[in-house]
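Report on the structure given below.
The values are calculated or read from the model by the stated rules, or taken from the named source; none is laboratory data. These numbers come from a predicted model, not from an experiment. Quick note on the areas: whole protein, heavy atoms, side chains included, nothing else; ligands and nucleic acids left out. Shrake-Rupley method; radii C 1.70, N 1.55, O 1.52, S 1.80 Å.
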Amino acid sequence: MRPKRYNLIMMFNVSVVTFSLFIVLMLALNPPITSENLFWRKPLVGIVFSLICVSGIFAAFFPKHCTGTYHFQKEGNNLASRSFSSTVEGHHLSCAKFSAHVIHARNHTLCAACTGLCLGAFMTLVGTDLYFFCGWCYEQTPISAVLIGMVGVVFGFLQLKSMGFARLMLNAFFVVGAFLILVGIDELTQNIFVDLFLLALIVFWILTRILLSQWDHWRICSNCKSSCEAHKSRKNGVQDLRRNP
């Protein structure tokens, strides 16, 4: 894939995310009049959302196994995967330019974003069990859950400017925010089709969030003037792409 297409893909995805958040806000302010409070609605939505959370936890623990599912590099040499031939810390390159992407816990180096997403997924699994299976009701006004959730999702996309534990917390807030949006809209609409639509949006938000991180990693390595192994691999890959567009 040609490097110039990276920004176009990101612009398209971010535009869709922005428009989808506007749709969520409109649903919260003007929920559909008709509702379908079917007895199996909450369990079904809870199961699907739980599967999304479990998949996210798996991706956080095994990021290398998941990077090929939704990645910029679909043609030619996979620059991002080839760069992992260098020393890694928390599945990031052992490089000062990636220091903001990791946290240190005792003698371990962890990816701040993945750790935050994993933490958020565990928290929302508890909330999912309480709300969708145990009959817990959101005590505040549902629209407040939607608004707080939208803030969490937006902050999750803006976390590239944060560092270390702040990045971790924003990514955890991203997952919790998606859960709060789902709960708030479910309380307002009680409609299975709206719930399934929101689940599809949440999956798209997660994929765009992953894409954003990969774009940021590519941007950091592309602007790097270092002569490390990853940089050499990147240069060779770009030359291959130019010869085989």
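List of remarks:
- Counting only protein chain heavy atoms and rolling a 1.4 Å probe, the accessible areas of M150, M11, M26 rank, largest first, as M11, M26, M150.
- With DNA, RNA and ligands ignored, accessible area of C118 (1.4 Å probe; Å², nearest 10): 20 Å²
- A 1.4 Å probe, protein heavy atoms only, puts the accessible area of W215 near 60 Å².
- Given their separation in residues at 0.36 nm each and the Cα-Cα distance between them, V203 and S222 gain 4.0 nm when the chain is fully extended.
- Shown are H101, H217, whose ranking by accessible area with a 1.4 Å probe and every protein chain present, most to least, is H217, H101.
- Accessible surface, 1.4 Å probe, highest first, among residues L170, L38: L38, L170
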